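Please read the structure below before turning to the comments.
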């Protein structure tokens, strides 16, 4: 079974893939061509760096293509009312309000408050509705969240 992804996440992967296949590939090809024109490739740092960038870019392209092939786009089901992939969940923890978006594991970015449906917190929130109290086992102990809103 593949990974789940939101439509927004799918769009970002497609945009990065297109940029890497067209713009970055061309830029690297130009750098390799210019480096070759300088002569001896064994002592050519520009050539070595361009080839390294090329390998890195091709590896990322392969990774993105695999993600696209293996991912299942999840559409948000408004009728459910419960937390699901794509939901924005407003919670209260120790009197502080926080808002998270539940996303597939490939899109997770805690710095942007995007948490994976596979993370302990994401798993704990799934299916719950506004008003529910949810306990999450965190590295620092149990955390009790109150769900204030699900959008």
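Remark: residue 83 matches the filter, which requires a residue to be over 15 Å from the mean Cα position of the chain (by Cα), in contact (Cβ under 8 Å) with a residue 60 or more places away in the chain and surrounded by 15 or more Cβ atoms within 10 Å (Cβ to Cβ). Checked against (1) touching a residue at least 24 places away in the same chain (Cβ under 8 Å); (2) touching a helix residue (DSSP H, G or I) at 6+ places or on another chain (Cβ under 8 Å); (3) surrounded by 12 or more Cβ atoms within 10 Å (Cβ to Cβ); (4) under 24 Å from residue 147 (Cβ atoms), residue 16 passes all but a single condition, namely (4). Give me a count of the residues in region 126-151 that are farther than 16 Å from residue 98 by Cβ, more than 26 Å from the chain's Cα centre (by Cα) and in contact (Cβ under 8 Å) with a residue 12 or more places away in the chain. So the answer is 1. Could you figure out which of (1) at pLDDT below 90; (2) farther than 24 Å from residue 18 by Cα; (3) not in a loop (DSSP other than H, G, I, E, B) isn't true of residue 99? Single failed check for residue 99: (1). On the basis of being modelled with pLDDT under 90, surrounded by fewer than 15 Cβ atoms within 10 Å (Cβ to Cβ) and either within 17 Å of the chain's Cα centre (by Cα) or part of a loop (DSSP other than H, G, I, E, B) (or both), does residue 107 make the cut? So residue 107 fails the test. The numbered conditions (1) surrounded by fewer than 19 Cβ atoms within 10 Å (Cβ to Cβ); (2) touching a helix residue (DSSP H, G or I) at 6+ places or on another chain (Cβ under 8 Å); (3) assigned by TED's automatic domain parsing to the domain that holds residue 143 are all true for residue 112 except (2). For residue 92, the conditions (1) surrounded by fewer than 16 Cβ atoms within 10 Å (Cβ to Cβ); (2) in contact with a strand residue (DSSP E or B) (Cβ under 8 Å, 6 or more places away or on another chain); (3) under 25 Å from residue 4 (Cβ atoms) all hold with the exception of (3).
The values are calculated or read from the model by the stated rules, or taken from the named source; none is laboratory data. Keep in mind the model is a prediction, meaning the values are calculated, not measured. Note that each Cβ is placed from the backbone with ideal geometry, even for glycine, and that neighbours are counted across all protein chains shown.
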